[in-house]
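The values are calculated or read from the model by the stated rules, or taken from the named source; none is laboratory data. If you're wondering where the values come from, they're calculated on a predicted model, not measured in any experiment. A quick note on method: Cβ atoms are made from the backbone with ideal geometry, for glycine too, and the neighbour counts reach across all protein chains shown. All accessible areas refer to the heavy atoms of the entire protein, side chains included, with ligands and DNA or RNA removed. Shrake-Rupley method; radii C 1.70, N 1.55, O 1.52, S 1.80 Å.
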Amino acid sequence: MGTERVWAYRVEEPHGSHGWRPHGGPSHRWRGRVTTESRSEDARYVAALVATDLVTEWKVNGVSEQHVRVIVWAGEEGTGPEDAVFTLEIQPGVDGK
């Protein structure tokens with residue numbers, strides 16, 4: 001008890017010279033909150049959960065890997081990776097593999 005933490009996350013995709021935008025348009029699936037119950041379930045753990053769900057959806061739908069980043073904040077969602085606890089970026093392979 002007493003080890004619960006709330007994490008906010010958002011998945012973004014590159015948007016050319018405009019920077020980044022929420023992945024999947026207005027979908028709330030790639031933006032939300034996760035409550036963890038142990039100290040080992042940190043921001044990296046939350047990013048891994050979100051990334052696993054995302055990659056699984058790509059495989060199920062036959063979508064090739066995309067360029068996205070998963071941003072995780074402690075508590076409330078921040079503005080970007082500069083105030084995040086952890087950011088995970090997934091980039092497709094240059095050779096297409």
Using alpha carbon centroids, what distance separates region 76-90 and region 14-64, in Å?
-> 12 Å
Projected area averaged over orientations for region 41-97, convex hull of C-alpha atoms, nm² = 4.6 nm²
Would you mind working out the accessible area per residue for the chain, using a 1.4 Å probe, and quoting it in Å²?
-> 65 Å²
Based on the Cα gyration tensor of the chain, what are the three equivalent ellipsoid semi-axes, each the root of five times an eigenvalue, rounded to whole Å and given largest first?
-> 24, 16, 12
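Please give the contour-minus-distance gain from S38 to Q66: 0.36 nm per residue of separation, less the Cα-Cα distance, rounded to one decimal in nm.
7.0 nm
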Subtracting the Cα-Cα distance of T3 and H15 from 0.36 nm times their residue separation yields 0.6 nm
Residues in region 26-70, backbone N under 11 Å from the label point at E76 (7 Å along the Cα-to-beta-carbon vector): list them, ranges by number please.
-> none
Given DSSP loops and a limit of at most 10 other Cβ atoms within 10 Å, what is the longest stretch of the chain that contains no such GluC sites (Glu not before Pro)?
-> 38-75
